Amino acid sequence: MARITLRQLLDHAAEFGYGLPSFNVNNMEQIIAIMRAAAAVDSPVILQVSRGARSYAGDPMVRKMIEAAEEMFPNIPICLHQDHGNSAETCQSALDQGYTSVMMDGSLEADMKSPSSYEYNLDVTSAVGTSAHSIGASVEGELGVLGRLDTGTGEQEDGHGATGVLSHDQLLTDPDQAVDFVSRTQVDALAIAMGTSHGAYKFSRKPDRDVLAMSVVRAVHERLPDLHLVMHGSSSVPQDLQDIFNEFGGQMPQTWGVPIEEIQEGIKYGVRKVNIDTDCRLAMAGAIRKVSVTKRDEFDPRKFMIPAMESMTDLCRLRYEQFGSAGNASRISPLSLTDMAKRYSNGSLDQRVTS
Ligand code: G3H
Ligand code: 13P
Ligand code: ZN
């Protein structure tokens with residue numbers, strides 16, 4: 001099946017009222033796990049690749065792994081998305097590699113540490129939007145900085161994310177500014193800041209409205225009902241996966257992620273793309289730990305990877321079901337990039353902005 005754009009996929013999700021998990025991939029095992037889960041429940045797929053993943057696996061390897069996934073799972077539409085592009089150059093290099101969607105994260109400067117100015121974000125996101133749309137690919141922007149509302153800190157686990165302490169003004173997307181941003185950049189999807197952050201340590205208790213501002217989703221959706229919203233940092237960090245990790249020698253302090261019911265509530269208010277990396281990492285790491293502790297003579301990497309893939313497949317399948325994307329792969333026929341480019345140029349994909 002042809003590769004699908006993020007825009008077409010999210011338009012379909014909006015039409016039929018579901019959300020899509022967007023899983024980060026770095027290697028063959030993660031791609032197979034995601035694809036097996038999708039095939040089991042007939043869900044379309046977004047595979048997102050960070051800059052870190054691109055340098056870990058190398059662009060040729062990523063490209064070929066995606067081609068292999070397409071060949072092995074011909075009935076599943078796949079969107080290949082650049083996660084957290086830090087510059088126009090990064091996004092262009094992804095488009096050159098055949099990505100059908102790019103995220104230009106202009107909420108931070110290119111170092112991915114310093115919060116940027118609004119003008120910078122507008123300029124860089126518009127420029128990426130123009131080049132992506134000219135070839136029919138999609139663009140996701142970000143307004144507001146990801147980070148914890150209780151501590152004011154961005155995510156540092158992976159060595160990127162805002163440094164220093166941020167104010168609530170920086171950490172919460174302003175709905176009025178979102179209207180201006182979307183009309184001036186023509187992004188296909190907008191990542192909003194609402195108290196979520198990357199990594200395992202998002203909340204130090206089950207989150208309530210003081211630390212997880214779901215009201216931002218509703219406020220942005222009210223002003224931009226046709227806009228596709230993206231929740232980053234949306235792993236749920238399930239208790240059972242924390243327990244397995246710790247039971248087999250891990251040392252993860254008790255932590256809380258984004259509850260599934262909050263994501264499901266967000267899906268009612270325009271959230272269409274839900275970014276998940278940490279849960280997949282935890283699912284695999286727990287299974288690998290279990291083998292290393294219970295089978296101490298084992299040294300065949302496949303014996304570690306098979307249960308790791310199974311654990312991640314179970315997780316992905318659950319998310320497809322919980323977010324409602326299950327059952328939708330067979331209802332979508334991907335449009336070509338050329339067709340999408342024509343639609344952008346004749347204005348039929350302009351975001352309708354209401355205020
Ligand atoms: O953007 C956050 C994702 O979890 C990707 O992390 O940069 O370590 O691949 P990464
Ligand atoms: P998690 O760390 O919550 O999985 O978030 C991943 C993400 O937002 C990738 O862009
Ligand atoms: Zn993210």
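The values are calculated or read from the model by the stated rules, or taken from the named source; none is laboratory data. Keep in mind it's a predicted model, so treat the numbers as computed, not measured. Cβ placement follows ideal geometry from the backbone for every residue including glycine, while neighbour counts extend to all protein chains displayed.
Restricted to segment 54-94, and to residues that are assigned to a helix (DSSP H, G or I) and among the small types (Gly, Ala, Ser), which residue is surrounded by the fewest Cβ atoms within 10 Å (Cβ to Cβ)? Checked segment 54-94; the qualifying residue surrounded by the fewest Cβ atoms within 10 Å (Cβ to Cβ) is Ser55. Please indicate, with yes or no, whether at least one residue in segment 202-213 is closer than 20 Å to Ser22 by Cβ, out of contact with any His (no Cβ under 9 Å at 6 or more places or on another chain) and either away from ligand 1 (no atom under 16 Å from the Cβ) or at pLDDT 95 or above (or both). Scanning segment 202-213, I find at least one residue that is closer than 20 Å to Ser22 by Cβ, out of contact with any His (no Cβ under 9 Å at 6 or more places or on another chain) and either away from ligand 1 (no atom under 16 Å from the Cβ) or at pLDDT 95 or above (or both), so the answer is yes.
Screening Val145 on (1) away from ligand 1 (no atom under 16 Å from the Cβ); (2) touching a residue at least 12 places away in the same chain (Cβ under 8 Å) shows it passes everything except condition (1). Taken residue by residue, segment 106-118 has at least one member that is in a helix (DSSP H, G or I) and farther than 20 Å from Pro334 by Cβ.
A single entry from Thr173, Thr163, Thr153, Thr196 fulfils the requirement of being away from ligand 2 (no atom under 16 Å from the Cβ) and either closer than 15 Å to Gly257 by Cα or touching a strand residue (DSSP E or B) at 6+ places or on another chain (Cβ under 9 Å) (or both): Thr163. Can you say whether Val62 is over 14 Å from the mean Cα position of the chain (by Cα) and either β-branched (Val, Ile, Thr) or within 16 Å of ligand 3 (Cβ to nearest atom) (or both), as far as the supplied structure shows? For Val62, the condition - over 14 Å from the mean Cα position of the chain (by Cα) and either β-branched (Val, Ile, Thr) or within 16 Å of ligand 3 (Cβ to nearest atom) (or both) - is met.
Taking segment 95-122, which residues are aliphatic (A, V, I, L, M) and within 15 Å of ligand 3 (Cβ to nearest atom)?
Matches in segment 95-122: Val102, Met103, Met104, Leu108, Met112.
No other residue among Gly233, Gly249 is at positive phi, buried (at least 20 other Cβ atoms within 10 Å of the Cβ) and assigned to a loop (DSSP other than H, G, I, E, B) apart from Gly233.
The residue list Glu15, Glu70 contains one member that is within 17 Å of Ala189 (Cα to Cα) and either at pLDDT 95 or above or within 16 Å of ligand 1 (Cβ to nearest atom) (or both), which is Glu15. Screening segment 185-207 for residues that are under 20 Å from Asp11 (Cα atoms) and not in a loop (DSSP other than H, G, I, E, B) and picking the one that is farthest from ligand 3 (Cβ to nearest atom) gives Thr185.
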